[in-house]
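S.K.: Okay, handing you the structure first.
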Amino acid sequence: MTVLITGGGGFLGAWIIRRLAARGIDLRVFDRRDDRGIVRAIAGGVADRLDWRTGDVASLADVSAAADGCDFAIHLAALLTPACAENPILGAQVNLIGTLNVFEAAKARGMRGIAYASSAGVFGPDDGAIPHPTTHYGAFKLACEGSGRAYWQDAGLSSVGFRPAIVYGPGRETGLTAGPSLACREAVAGRPYTIGYSGRADMIYVDDVAAAFEAAATRPFEGAHAFSLVGEVADVAAIVDGIRANVPGAAVDWSGPPLPLHPVIAPSPIEAVLGALPHTPLADGLARTIGFYRRGVTGEG
């Protein structure tokens, strides 16, 4: 079995690679450039053994070439919220057209299915159960979910989209919601850091999200699904307290408006389709993240 991972050179891709490689699954990474730094930090030497292809996800020809010989696709390649706000047209080309390209390539090659990264951004700030995005990023993700249903209806191509809110953990260093992870890194390094938002949000540890993608790639399912991945709702103040509990005296604080998504995301019946999945409490996830950076920055165990 060969799994294609678009955007596999990023934070979440690295954690998914770590899980799938441990199962002995053949992996092909498709990304804009061959930069294996995050994958190497998370998954170790497997990074140097990957079948790595470069190209533009907005190009059907590039995606199709990368998809040859693959049995399942994990689609992560995307521009995040700030980039979509700055250039909505480019955001649509990457996030929506890029997703359609992956579906087209999978359909043409008879792949078993696709698991793709949607987002809790589809809900907007007022309701965590009924989608009503207020950002271009959320709007593009919601459109991708609709296209997934259309490909199931028209071509029988199965898919599942996962909707996490704040994904945190070792290696998360870009995007609007990277603040808690960066705060862990900076606390270990002894530098001050301000998380750039306030209020409550759902926090889910990265390896729990990676486990959902692993389940989709390795367990049979049919249909077109969109599942919210629920972690633990926490105020930024509680996150800062959790960091300081592990790094006493850490100069970490927060400032800025609440995030443009509802803090309480309604759970989805994911276990009925993919089985039981792990859940990491926030305190444990913060401790693991700090431990990762402590090993890297200070050399401590």
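The values are calculated or read from the model by the stated rules, or taken from the named source; none is laboratory data. Remember, it's a predicted structure, so these values are computed and weren't measured experimentally. All Cβ positions, glycine included, derive from the backbone under ideal geometry; neighbour counts span all protein chains shown.
S.K.: Consider only pairs whose beta carbons are under 8 Å apart and that are at least six residues apart or on different chains; among these, list those whose first residue lies in segment 112-128 and is of a type in the set (Lys, Arg) and whose second residue is assigned to a strand (DSSP E or B).
M.R.: Note: pairs meeting the criteria are 112/72; 112/158.
S.K.: Here's a check for you: in segment 271-292, which residue that is among the small types (Gly, Ala, Ser) and within 24 Å of residue 216 (Cα to Cα) is farthest from the chain's Cα centre (by Cα)?
M.R.: For segment 271-292, the residue satisfying everything is 272.
S.K.: Give me the pairs: first residue in segment 150-173 and closer than 17 Å to residue 274 by Cβ and surrounded by fewer than 24 Cβ atoms within 10 Å (Cβ to Cβ), second residue acidic (Asp, Glu) and at pLDDT 95 or above, beta-carbon distance under 8 Å, and six or more apart or on different chains, which are they?
M.R.: Final answer for the pair search is 158/222.
S.K.: Could you list all residues from segment 23-47 that are farther than 13 Å from residue 11 by Cβ and not basic (Lys, Arg)?
M.R.: Passing the criteria: 24, 25, 26, 27, 29, 30, 34, 44, 45, 46, 47.
S.K.: Same structure, new question: What is the residue count in segment 146-164 for residues that are under 29 Å from residue 263 (Cα atoms), hydroxyl-bearing (Ser, Thr, Tyr) and out of contact with any strand residue (DSSP E or B) (no Cβ under 6 Å at 6 or more places or on another chain)?
M.R.: 1
S.K.: In segment 47-81, what residues are within 20 Å of the chain's Cα centre (by Cα), farther than 20 Å from residue 109 by Cα and not polar (S, T, N, Q)?
M.R.: Passing the criteria: 47, 50, 78, 79, 80.
S.K.: Next up: Please state which one of 228, 255 is hydroxyl-bearing (Ser, Thr, Tyr), loosely packed, with under 13 Cβ neighbours inside 10 Å and farther than 16 Å from residue 168 by Cβ.
M.R.: Answer to the selection: 255.
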